[in-house]
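Structure first, commentary second.
The values are calculated or read from the model by the stated rules, or taken from the named source; none is laboratory data. Computed from a predicted structure; not experimentally measured. No Cβ is skipped: glycine too gets one built from the backbone with ideal geometry, and neighbour counts run over all protein chains shown.
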Amino acid sequence: MDLSEKSQSSRVQRGHRRHGSRYKARSRAVELLFEAELRDLDPVELVAVRSRESAIREYGVKPVPAYTREILAGVAQELNGLDEVIADHLTDDWELYRIAGVDRAILRVVVWEMLFNDEVPPAVATVEGTELASQYSADSSPAYINAMLDVIAKQAEDLALSLRVTTTADETTAFAFPEHSTESETVVVTDDAGLGDNGVSESAASESTVSDSAESLPSSAEPVETQHPDAAAAADAMLDQPRVGDQEPQ
């Protein structure tokens with residue numbers, strides 16, 4: 001089941017409301033950012049490839065919405081700062097690269113909106129991010145993502161100012177996702193019964209083993225341009241891997 005099919009199935013099962021064009025563009029950004037990290041690609045370059053492919057009917061690729069492009073360009077530019085904010089709002093038992101890859105994509109997209117898009121109120125971004133987690137991720141994800149986003153939303157103005165001050169206009173380094181280990185490890189999954197110092201509940205915790213090994217890429221991976229029409233196959237396969245909340249406690 002690919003990411004789009006999973007989201008459709010989730011909407012039927014959970015009775016999700018109909019979504020507007022901006023939500024759909026945000027969803028597409030999550031899908032593309034997830035794939036970009038999985039394959040260690042610059043998301044802006046991936047968008048450019050998908051846009052070219054959308055002009056070829058045989059590929060069956062949907063056009064990339066303008067707002068999707070805006071989100072991914074912003075996330076690519078602000079990635080380090082966004083990851084720092086997200087990591088700072090995880091509990092001490094969590095690490096950014098031990099949560100599900102789709103959860104990282106959702107958080108990066110929504111936190112960018114909170115801090116860098118003045119047209120999206122932080123409270124609205126929180127609701128939309130929780131909806132994305134319900135649509136795409138494991139059953140345990142919406143609660144902790146909602147708790148995190150709620151705290152970040154309350155600090156959005158100060159966080160945005162801090163990131164904008166530290167981001168210089170002359171930064172020209174090539175884009176790259178930060179390196180991280182892909183070995184399995186035990187992480188703590190929490191609910192929203194009570195928030196800890198960093199905004200995520202530390203009560204009623206349960207443990208799950210999460211393997212990120214499927215996210216590792218061969219060092220000889222081919223450029224994205226050579227891999228279509230199955231360009232998203234690797235990302236689709238990742239969706240069938242166990243995620244936080246999908247496994248029995250060890």
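Listed values, structure above:
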quantity: Residue in segment 24-33 that is in contact with a Leu (Cβ under 7 Å, 6 or more places away or on another chain), modelled with pLDDT of 95 or more, closer than 18 Å to Ala100 by Cα and not in a helix (DSSP H, G or I) present; calculated: no
quantity: Close pairs (7 angstrom Cβ cut-off, 6 or more residues apart or separate chains): part of a helix (DSSP H, G or I) in segment 55-72, basic (Lys, Arg) and surrounded by fewer than 19 Cβ atoms within 10 Å (Cβ to Cβ) anywhere; calculated: Tyr67/Arg22
quantity: Qualifying residue in segment 143-153 (condition: touching a residue at least 40 places away in the same chain (Cβ under 8 Å), of a type in the set (Ser, Thr, Tyr) and surrounded by 24 or more Cβ atoms within 10 Å (Cβ to Cβ)); calculated: yes
quantity: In segment 50-64, the residues that are buried (at least 20 other Cβ atoms within 10 Å of the Cβ) and within 22 Å of Gly101 (Cβ to Cβ); calculated: Arg50, Val64
quantity: Qualifying residues in segment 100-131 (those that are under 13 Å from Phe34 (Cα atoms) and either without any contact (Cβ under 8 Å) to a residue 40 or more places away in the chain or crowded, with 24+ Cβ neighbours inside 10 Å (or both)) - the one nearest to the chain's Cα centre (by Cα); calculated: Ala105
quantity: Among (1) surrounded by 21 or more Cβ atoms within 10 Å (Cβ to Cβ); (2) assigned to a loop (DSSP other than H, G, I, E, B) - the single one Asp93 does not satisfy; calculated: (1)
quantity: Unique match (being in a loop (DSSP other than H, G, I, E, B), modelled with pLDDT under 95, within 17 Å of Val75 (Cα to Cα) and among the aliphatic types (A, V, I, L, M)) among Ala160, Ala138, Ala193, Ala174; calculated: Ala174
